[in-house]
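The values are calculated or read from the model by the stated rules, or taken from the named source; none is laboratory data. Remember, it's a predicted structure, so these values are computed and weren't measured experimentally. Please note: Cβ atoms are built from the backbone with ideal geometry, for glycine as well, and neighbour counts cover all protein chains shown. Surface accessibility is based on the protein's heavy atoms, side chains included, excluding ligands, DNA and RNA. Shrake-Rupley method; radii C 1.70, N 1.55, O 1.52, S 1.80 Å.
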Amino acid sequence: MINAKALKIGLPEDVEKILNTLKEANFEGYVVGGCVRDSIMKRNPKDWDITTNAKPEEVKELFSRTVDTGLKHGTVTVMMGKVGYEVTTYRIDGDYKDGRHPESVTFAEDVVEDLKRRDFTINAMAYNTKDGLRDEFGGISDIRKGMIRCVGTPTERFGEDALRMMRAIRFAAQLGFTIHRDTMAAIVSLAKNIEKVSKERIQMELTKTLLSDRPESVDLFVQTGLAKYILPELDEVLTSAKRVLILRMLKNAEATASVRYAVLFFDLEEERARKALRSLKLDNETINQACKLIRHQDEQIRLNEVDVREAMYELGSDFIPTLINFKKNVAKSRQEILYIPTGKSLIQLDMMDKMYRQIIARGDCVTLKDLKVNGKDLMELGMQPGSELGEMLILLLHTVLENPLNNEKETLLALVEGKLKEEDDE
Ligand code: ATP
Ligand code: MG
């Protein structure tokens, strides 16, 4: 049983200092939101947010180094060394006319007012050493139950800000919690409102869900009806015959955005996947890497060093372990779900992984850059710059991929001379 009064949260030194400075100036100050939730759950808080009855101008006067992060919303960032802490004045959000942003914010006198505007009970707790935990909405009890529940009436809260619907699912995924029945019902009834939210914000919540320890929770986006408004392709793949396999593959996948998105869309045409990922405004690197995995997932690399080196050259050395892992995941997940025995291909992929590591450890040449001759050397033998010279270098590289011992300047130059002579004789 967690006793709210006796509960102690270990605060970082800088945070203690900020709270003390506020207290000495006769203001209230609490850490609030995610950091309180995570501390109680013995998870590592990502950042420590502070809430206070001091107005932004007053906060700025109390600390020597501050940044005006969001003065309109009452937020000042207080710099302690290199780390910034957001200090936000207690506030009440005004009407939400666009289903996402409050029209206005009013500063409040009482911390409870500030807690009331927060999305879920588990996120609506404040703490300081003097007062202990301020838990007005049953946050502790919901943490104990593993429950995501809106503060106040769910339909009202989701009506104010539609993004909260996705946040509910994201927190359920990250924390392993269940969404309370009434909160769930409100999401189902208001799902269409998610269209009011920007693609960037939608993407952030979807990505956090996919990167959580329970990425299979993306299924909740389909179950609530949100998916079809978030992204038609998301709904499509998770209502297809591949659903169970995709969910299992997500669980077994490396926790990077490119891999998890590639898994999600592994059964789509590459170009459709690219279009879907673009519409989510993901960064190009993630999109390209995900699409590369989708494109090459069925690439057959034979289990010998020459073919592995060739693949390293063609696909990029760094990509090979990612591809091997992806293929292992497909095989393993199929085995788990469909009872298709894939032991043999898993063993082969493990062997390939080992082979790849040996090639790396030996430092075999797998790129033009590592070839012991370059364009300049070939020009010294009388070749002209141009495509023929480029082709010659690639031919040399293939010789070296075939046999790394060939990567000696003398050997390669002799080979070029021989080739040039052959051509002259023709
Ligand atoms: P994370 O660990 O992902 O940072 P967090 O709980 O800190 O989780 P933030 O998005 O950083 O989430 O927001 C900090 C706090 O602000 C939340 O805990 C919650 O109290 C409040 N909050 C954030 N977004 C909303 C929202 N859309 N509606 C209501 N309250 C919100
Ligand atoms: Mg946070």
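May I ask you to say which residue of 323, 338 is of a type in the set (A, V, I, L, M, F, W, C), within 24 Å of residue 352 (Cβ to Cβ) and in contact with a His (Cβ under 7 Å, 6 or more places away or on another chain)?
From the options 323, 338, the qualifying one is 323.
Would you confirm whether any residue within the stretch 2-16 is within 14 Å of ligand 1 (Cβ to nearest atom), part of a loop (DSSP other than H, G, I, E, B) and at pLDDT 95 or above?
No, the stretch 2-16 contains no residue that is within 14 Å of ligand 1 (Cβ to nearest atom), part of a loop (DSSP other than H, G, I, E, B) and at pLDDT 95 or above.
Hey, can you tell me all the residues within the stretch 255-286 that are part of a loop (DSSP other than H, G, I, E, B) and polar (S, T, N, Q)?
Listed by number, the list holds a single entry, 256.
Quick check on residue 384: is it part of a helix (DSSP H, G or I) and open to solvent by 60 Å² or more (accessible area, probe 1.4 Å)?
no
Within the stretch 198-214, is even one residue in contact (Cβ under 8 Å) with a residue 40 or more places away in the chain, within 16 Å of ligand 2 (Cβ to nearest atom) and of a type in the set (Gly, Ala, Ser)?
yes
State all residues of the stretch 371-393 that are over 21 Å from residue 424 (Cα atoms) and either among the aliphatic types (A, V, I, L, M) or in the same structural domain as residue 314 (by TED's automatic domain parsing) (or both); if no residue qualifies, say none.
Passing the criteria: 371, 373.
Does the stretch 53-77 hold any residues that are under 21 Å from residue 108 (Cβ atoms) and either within 16 Å of ligand 2 (Cβ to nearest atom) or among the small types (Gly, Ala, Ser) (or both), and which are they?
If the condition is that a residue be under 21 Å from residue 108 (Cβ atoms) and either within 16 Å of ligand 2 (Cβ to nearest atom) or among the small types (Gly, Ala, Ser) (or both), then 54, 69, 70, 73, 74, 75, 77 are the ones that fit.
If you go through the stretch 333-367, how many residues are assigned to a helix (DSSP H, G or I), of a type outside the set (A, V, I, L, M, F, W, C), open to solvent by less than 90 Å² (accessible area, probe 1.4 Å) and touching a residue at least 12 places away in the same chain (Cβ under 8 Å)?
8
Based on what the data block shows, is residue 38 in the same structural domain as residue 119 (by TED's automatic domain parsing) and within 14 Å of ligand 1 (Cβ to nearest atom)?
In short, yes.
Quick one: is residue 58 over 15 Å from residue 133 (Cα atoms) and of a type in the set (Asp, Glu)?
Yes: the conditions hold for residue 58.
Kindly list the number of the only condition in (1) within 13 Å of ligand 1 (Cβ to nearest atom); (2) open to solvent by less than 20 Å² (accessible area, probe 1.4 Å) that fails for residue 140.
Only one criterion is unmet by residue 140, namely (1).
Which one of these is closer than 19 Å to residue 168 by Cα and of a type in the set (Gly, Ala, Ser): 258, 198?
198
Residues 92, 40, 50: which one is under 18 Å from residue 132 (Cα atoms) and more than 14 Å from ligand 2 (Cβ to nearest atom)?
Details: 92 fails: under 18 Å from residue 132 (Cα atoms); 50 fails: more than 14 Å from ligand 2 (Cβ to nearest atom).
Residue meeting the stated conditions: 40.
So, in the stretch 243-274, of the ones that are without any contact (Cβ under 8 Å) to a residue 24 or more places away in the chain and open to solvent by 60 Å² or more (accessible area, probe 1.4 Å), which residue ends up farthest from residue 335 (Cα to Cα)?
271
Could you say whether any residue in the stretch 128-143 is under 27 Å from the mean Cα position of the chain (by Cα) and within 22 Å of residue 201 (Cα to Cα)?
Scanning the stretch 128-143 turns up no residue that is under 27 Å from the mean Cα position of the chain (by Cα) and within 22 Å of residue 201 (Cα to Cα).
Give the residues of the stretch 276-296 that are within 19 Å of residue 201 (Cα to Cα), open to solvent by 80 Å² or more (accessible area, probe 1.4 Å) and touching a residue at least 12 places away in the same chain (Cβ under 8 Å), sorted by residue number.
281, 285
Working only within the stretch 109-138, note down all residues that are of a type in the set (Ser, Thr, Tyr) and away from ligand 2 (no atom under 16 Å from the Cβ).
121, 129
The conditions are (1) touching a Phe, Trp or Tyr at 6+ places or on another chain (Cβ under 6 Å); (2) open to solvent by less than 10 Å² (accessible area, probe 1.4 Å); (3) over 12 Å from residue 220 (Cβ atoms); (4) not charged (D, E, K, R), and residue 158 fails exactly one of them. Which is it?
(1)
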